[in-house]
Amino acid sequence: MSVENTNQWEPKIIVFACNWCTYAAADLAGLNRLEYPAEVRIIRTPCSGRMDPMFVLRAFNRGADGVLLSG
Amino acid sequence: MVAVAQHPNIELITYAEVTAVNGYIGNFTVTIKKKAKYVDWDVCTGCGTCEEKCPTKKLKNEFDLGLGQRTAIHKLFPQAVPGKPYIDAENCLKLTKDKCGICEKICPTEAIRFNDRDEYITEEIGAIVIATGYDLFPWEKAYGEYGYGKYPDVITSLQFERLVSSGGPTGGKIKRPSDNKEPQSVAFIKCVGSRDDAKGKSYCSRACCMYTAKHAFQVKEKMPDSEAYVFYMDVRTAGKNYEEFYQRSVNAGARYIRGRVSKIYPRGDKLVLKSEDTLLGRPIEVEADLVVLATAMVPSEGAEELAKTIGFSTDKDGFYQEAHPKLQPVDTFAAGVYLAGCCQGPKDIPDTVAQASAAAVKVCGVFSKAELPTEPMVSEVNTEKCSGCGFCVPICPYKAISLEEIQERGHHGTITRKAARINSSLCQGCGACVPACRTQALNLKGYTDEQLVAEVDALCL
Amino acid sequence: MKKRVGVFVCDCGTNIASVVDTEKVAEAARKIPGVIFATTYKYMCSDPGQELIRNSIREHELEQVVIASCSPRMHEPTFRKAVEAGGINGYLFEMINIREQDSWVHRNRSQATGKAIDLVRMAVSKVLRNTPLQISSIPITKKALVIGGGIAGMQAALDIADAGYPVVLVEKEASIGGKMAQLDKTFPTMDCAA
């Protein structure tokens, strides 16, 4: 984890976001300055159809605390 | 209409259907079936003599929705474009029983062709606009309380349009179908089939509030002494000058009653409508001579097959699915195929015209380029790994994958087997095929398994 | 392909820099294996910003580029062109979003900076696995098909035809006009429908 000076444990969430909806929505959240925990990390996918269960297992395997697929 | 027929850039093919669409944006091959008309339109002048002399005169006129009559050889309506007649093969004496043939004898230009057959032509096309419109919800099958269609004086709004139209069967005089009398009171029922989960469709058909306001206004305008009742759930007038138009109708004397009509039954030569006035909170009974149902719009017959032919999807109600409800309202998931009008969802004329112009701009946008660049982030097949199972073919929403025969060198000479092939012009790079591939023969360029796994690893560790 | 990644971190004026310590991100980027150059700039999308990218590619013989700035939904095409102008394939480039999805949604400076560093690491990891891709082109038959001759089909056909392109209008009935031709007057203007 590269976050410094964090005393509090925060779960690491990996988000797989479809470029056309969820990724755009995350941009919209930014435009509206909606705050959410910084430990959320977004990976852009061309479409949720691209998702392979392997990616989810891989994320858990490597220490992700949660995975969100959204599209 | 005439402007379309006269435009030098428009080739009009009527009485025809699109039966096959192959290819992709910029390069479609379209097969069109020209149905047999039994009249050579190149020769016919549209003089109308055949219609006058045709002995089969008492056929239901579909254009007037059964309110008028027509002959077997006929123009769709007097102002038809092109203004040429065709023969209704099912009812023509010559074509069914080999009798008559009068039209052939009297036609001054010898345009009748009893041996005409359906003809198939193909066209090379770069982009497609679909504007197949709507049909009316078959209320006769669903609404027993309105008589299942057994009362002749319960009609649809579209039939009412024919009654008020000067080109219609009554020359624009409002007469009720049962006895041709001028109705003293006309009742309109809105949302028949619309906003009715139980018997009809869940959606609002959008145009009905306004055309019913127009109809009520026309009743008061043409017959000032008559009554116009409008039974409604809500009055929705979201549009420029729409609310004003509705108020004009109310000011002209249209009586709006908030409530659903629960029953229509005859009393003498009148029809009784039972309802509740929900604003007063009490039952109400209205006697009317004519009842007009604002029937829901549904996708036109054959819309679903056309979607399958071209290769894009329909929504839960059978309307064509736009690529994005807000940002791509005229695009479909098939590149180069655009939507206009009610085939995409119920709408009124201003919205339809706006969407049609938007679709036209999309087409012109495609045509404005010398060549179309293709997105390089598309799927690719490793033919060596592909087992030819074909599992990916139905997964692809863009019909971009096909199974093709390939030849390989084996131990005992050349082997012919099947393998997936990607048409990179059709592929939109969604990658849905990749996880579906059991042998990992497919990968999406720019978003390969390796790349995505590398991203996961970099974030997690 | 050699691993010579250049990382460009954009301040976006204060949009990014007020929350994310961009200098720290660049500094951390330099330590990622494969990265040989990293820098920040006030507005990466501006002319001088793009020039910085082009010059750095040549000067440091970069093979891959990562740009940390706004949403790729906005400026990915811009930067892809800039990278190509610098002399490398536009697909040997990755862009990450440290504005809409970082500085605009988080307030804690160290957390936001940490997230930006993570995202840079992710993009570097991906870009090292990118391959050059080529855009090809296909010819266009400049002729349109309109299916349906009602008001929608007629309007679309006329607009396309007026723009100078040939149109084939197919109608299933023997006449065009559709439902529109069956209507009497139409609201709100009460024009005739024909």
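Bear in mind these aren't lab numbers, they're just calculated from the coordinates by the rules spelled out. Keep in mind it's a predicted model, so treat the numbers as computed, not measured. Note: ideal-geometry Cβ built from the backbone for every residue, glycine included; neighbour counts use all protein chains shown.
One table, with the values for the structure above:
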item: With Cα atoms, 0 to 90° folded angle of helix B:208-222 axis to chain B main axis; result: 20 degrees
item: Cβ-placed point charges (K, R +1; D, E -1), dipole of segment B:353-400 about Cα centre in debye, nearest 20; result: 200 debye
item: Spin-label proximity, C:Glu59 to segment C:1-22 - amide N less than 14 Å from point 7 Å beyond Cα toward beta carbon; result: C:6-9
item: Segment B:42-114: C-alpha gyration tensor shape, a/c 1.5 cut-off, then a/b vs b/c; result: oblate
item: Choice from C:Arg54, C:Arg73, C:Arg99 with maximal GNM fluctuation in chain C (Cα, 10 Å cutoff); result: C:Arg73
item: Dipole of the protein assembly as shown [Lys/Arg +1, Asp/Glu -1 at C-beta], most positive-end residue of B:Cys204, A:Ala64, C:Asn130; result: B:Cys204
item: Rounded if a/c under 1.5, otherwise prolate or oblate - segment B:134-298, Cα gyration tensor axes; result: rounded
item: Proximal lysines to C:Lys126, defined as alpha-carbon separation beneath 22 angstrom and excluding residues fewer than eight positions away on the same chain; result: A:Lys12, B:Lys445, C:Lys2, C:Lys3, C:Lys24, C:Lys31, C:Lys81, C:Lys115
item: Value of relative contact order over chain B, rounded to a whole percent, pairs C-alpha under 8 Å and six or more apart; result: 13 percent
item: Simple Cβ-charge dipole of the protein assembly as shown, Lys/Arg +1 and Asp/Glu -1, about Cα centre, in debye nearest 20; result: 620 debye
item: Peptide B:366-372 - average C-beta neighbours from other chains (10 Å radius); result: 5
item: Normalised contact order of chain C, rounded percent, pairs of Cα under 8 Å and 6 or more residues apart; result: 19 percent
item: Chain C: calculated mean residue ellipticity at 222 nm from DSSP helix runs of at least 4, using -39500 (n - 2.57); result: -11000 deg cm²/dmol
item: Set of lysines near B:Lys57 by C-alpha distance (under 20 Å), chain-local residues within fewer than 8 positions excluded; result: B:Lys37, B:Lys75, B:Lys84, B:Lys94, B:Lys97, B:Lys99, B:Lys105
item: Euclidean distance of C-alpha centroids, segment B:78-118 and segment C:145-194, integer Å; result: 26 Å
item: Backbone N within segment C:141-182 under 12 Å of label point (7 Å from C:Asp191 Cα along the Cβ vector); result: C:155
item: Inter-chain shielding of B:204-216 (mean C-beta neighbours from other protein chains, 10 Å cut-off); result: 2
item: Sequence ranges B:407-415, B:207-215, B:20-28, B:113-121, ranked by mean other-Cβ count within 10 angstrom, highest first; result: B:207-215, B:20-28, B:113-121, B:407-415
item: For peptides B:7-18, C:134-145, sequence by mean Cβ density within 10 Å, most packed first; result: B:7-18, C:134-145
item: Global geometry of the protein assembly as shown, whether rounded, prolate or oblate, following the gyration tensor of its Cα atoms and the 1.5 cut on a/c; result: prolate
item: Under 5 Å, built H, 5+ apart or other chain: amide partners of B:Glu11; result: C:Val167, C:Val168, C:Leu169
item: Candidate aspartates and glutamates - alpha carbon under 19 Å from B:Lys274, same-chain residues fewer than 8 apart omitted; result: B:Glu140, B:Glu145, B:Asp153, B:Asp196, B:Glu227, B:Asp234, B:Glu285, B:Glu287, B:Asp289
item: Segment B:17-165, relative contact order in percent, only Cα pairs under 8 angstrom and at least six apart counted; result: 29 percent
item: Crossing angle, helix B:349-367 versus chain B [Cα axis fit, 0-90 degrees, rounded to tens]; result: 30 degrees
item: Sorted by Cβ density within 10 Å, fewest first, the residues B:Cys433, B:Cys342, B:Cys460; result: B:Cys460, B:Cys433, B:Cys342
item: Point-to-point label distance, B:Leu327-B:Gln247, nm (Cα→Cβ direction, 7 Å offset); result: 3.9 nm
item: Within chain B: Cβ-based charge dipole about Cα centre, in debye rounded to nearest 20 (Lys, Arg +1; Asp, Glu -1); result: 1300 debye
item: The protein assembly as shown - share of DSSP beta bridges that are antiparallel (%, nearest 5); result: 50 percent
item: Candidates C:Val168, C:Val124, C:Val20, ranked by Gaussian network fluctuation over chain C, Cα under 10 Å, top entry; result: C:Val168
